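These notes concern the structure reproduced below.
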């Protein structure tokens, strides 16, 4: 793998940047792999990377039906934080955040990881009670979380309407300084490049159409490019997980919904943090390019169409404008939707299944991006050892039967 | 935005007046006490979540406030029919297969 550096940039300038090495190979599938990862998004690529790096498995393929990082990795609003209420979730997301902090160096890829802080606003007394509880829980778990009052919020975000007569009065907020954003595509590309360098085959434009079993264990996957034999199949297919599960006759407690987001035209720097509001279900940050990145609420109906209804966008924009009247003349550039696979308790499933050699990592719902490194890391451990990683244990699919749910709905400000 | 025909109001109205409620035709177990944990979990949490035709319940929240059912395609979002509670859907995956 060609190492990226400032010096390299200078060196390649002399040859007009025409001699850069290809970032990853485009291999033809081998006959057999130890592990086939289904889904080439951030989580799938991270899984492959950690399988190769930490578990010494290099005979791995990532099979992707479209192109790498073209699903929800390319469609989210890139927010990273770990201030979740319940211990299990907080530990998992904090594990991810710690990995984020050294990731750009580790992958030798600029992820534009920016710890600009995340605010979760409270607009009602109940919001503030919930926030106070969550901040206290976070601090007990060693997560940097603070409770701010209106004035402190106003100091951080001067353009936020914190006046008494605001439609959504700001009573305070939780503040996680280590939270922030990263460049979503770069995360997928960085992991893909690093995994490829460790010998992982990244097979794009290849859809898995079936999972073949022998004596109750996985023996390979049928794809649009033919049969690929393998010992283990790790499914990281987000919204399409249910479709994969159906191939082997198992069901998952998932529902796929459209979730929409949008960006404005590029503006000069005006907001240097991430502002989220659960109450009105809108959140906003500014990308390094200058666009305002705005996330909407989830569409209530089931959908695989990667688009949602317009009134959801309209409601979000209305709320954002009430909070930031200064943006009233800003024009939106693009809006889009992704399919999120939501669990009844709004926590992911990282689990073995009743089929030997088949593993699922899904159900990240509306908040998977922030977990990308942690998700890949614990899932790789689960797949390699056929035993859940200590942090992933609580996220087994069995929890829906035992009743030990991790109820992160709303309580922890789970807006994405 | 979806345009939805309410079978009770007998009118097409905009989606904003409605709320999706989830999968239709889920029957509450007659004798919950006798169910195993897995069966109970299935009733509570496991849904079909199909990529294709889906029978789902909606409520005309700011209209007649009545619940009704709908058959909708989850990829194209096309609404094939709406029908009153207690009725059976006329457009189903099986019926579609029979027609072939």
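Give the average, rounded to an integer, of partner chain Cβ atoms located within 10 angstrom of each Cβ in A:247-260. Working shown, then result.
Details: counts 0, 0, 0, 0, 6, 4, 7, 4, 6, 5, 3, 2, 0, 0.
Per residue, the average neighbour count from other chains is 3.
Which residues does the label zone of residue A:9 cover in segment A:84-119, counting backbone N under 14 Å from a point 7 Å along Cα→Cβ? Those under the cut-off are A:109-113. Residues of segment A:283-312 with the amide nitrogen closer than 11 Å to a label point 7 Å from the Cα of residue A:318, along Cα-to-Cβ, please. It comes to A:311-312, nothing else. With viscosity 0.692 mPa s and temperature 37 °C, the Kirkwood radius over alpha carbon pairs of the protein assembly as shown converts through Stokes-Einstein to a diffusion coefficient of 136 µm²/s. Let me make sure I get this right: for segment A:226-315, a, b and c are the square roots of the gyration tensor eigenvalues over alpha carbons, sorted descending. Under 1.5 in a/c it's rounded, otherwise prolate if a/b > b/c, else oblate. Which is it? Prolate is the answer for segment A:226-315, as a/c is 1.5 or above and a/b outweighs b/c. Applying 1/(1 + (r/R0)^6) with R0 = 25 Å to the Cβ-Cβ distance of residue A:110 and residue A:336 gives a FRET efficiency near 0.55.
What the Cβ-Cβ distance of residue A:310 and residue B:21 gives, at R0 = 35 Å and to the nearest 0.05, is a FRET efficiency of 0.95. With a 10 Å cut-off around each Cβ of A:31-42, the average count of Cβ atoms from other chains is 0.
From the Cα gyration tensor of segment A:132-208, with a ≥ b ≥ c the square roots of its eigenvalues, which class applies: rounded if a/c is under 1.5, or else prolate if a/b is larger than b/c, or else oblate? Judged from the Cα gyration tensor, segment A:132-208 comes out prolate (a/c at least 1.5, a/b above b/c).
Packing, as the average of other Cβ atoms within 10 Å across residues, places the peptides A:34-42, A:332-340 in the order A:34-42, A:332-340, highest first. Please state the shape class of chain B: rounded when a/c is under 1.5, otherwise prolate if a/b exceeds b/c and oblate if not, all from the C-alpha gyration tensor. Since a/c reaches 1.5 but b/c is at least a/b, the shape of chain B is classed as oblate.
For the pair residue B:34 and residue B:48, label points projected 7 Å from Cα toward Cβ lie 2.6 nm apart. Packing, as the average of other Cβ atoms within 10 Å across residues, places the peptides A:154-164, A:303-313 in the order A:303-313, A:154-164, highest first. For residue B:65 and residue A:31, a Förster radius of 56 Å and the Cβ-Cβ distance give a FRET efficiency of 0.40, rounded to the nearest 0.05. The value obtained for segment A:309-398, namely the Cα convex hull volume divided by the number of residues, is 149 Å³ per residue. The packing ranking of peptides A:361-372, A:286-297, A:207-218, B:70-81, highest mean first, is A:361-372, A:286-297, B:70-81, A:207-218, where packing means the average number of other beta carbon atoms within 10 angstrom of each residue.
Taking each residue of A:302-311 in turn, how many C-beta atoms of other protein chains fall within 10 Å of its C-beta, and what is the average? Walk me through the numbers before you get to the answer.
Numbers: counts 13, 9, 10, 6, 1, 1, 2, 6, 4, 5.
Going residue by residue through A:302-311 and averaging, the value is 6.
Over segment B:11-62, the alpha carbon radius of gyration divided by the compact-protein estimate 2.2 N^0.38 Å works out to 1.49. Ellipsoid fit via the Cα gyration tensor, segment A:112-163: semi-axes of 19, 18, 8 Å, each the root of five times an eigenvalue, largest first. A crude spin-label estimate for the pair residue B:81 and residue A:125, with each label 7 Å from Cα along the Cβ direction, gives 5.1 nm.
What number, rounded to the nearest 500 deg cm²/dmol, is the helix-based mean residue ellipticity at 222 nm of chain A, given -39500 (n - 2.57) per DSSP H run of at least four residues and division by all its residues?
Numbers: 10 runs with 118 residues, N = 416.
My calculation for chain A gives -9000 deg cm²/dmol from helical runs alone.
Counting every alpha-carbon pair across segment A:1-119, the share separated by more than 16 Å comes to 74%. Under 11 Å from a point 7 Å along the Cα-to-Cβ line of residue A:225: which residues of segment A:181-202 have their amide N that close? Residues A:201-202 fall inside that zone.
Bear in mind these aren't lab numbers, they're just calculated from the coordinates by the rules spelled out. What you see is a predicted model, and the numbers here were worked out from it, not measured in a lab. Because the Cβ atoms are built from the backbone with ideal geometry, glycine has one as well, and the counts that use them run over all protein chains shown.
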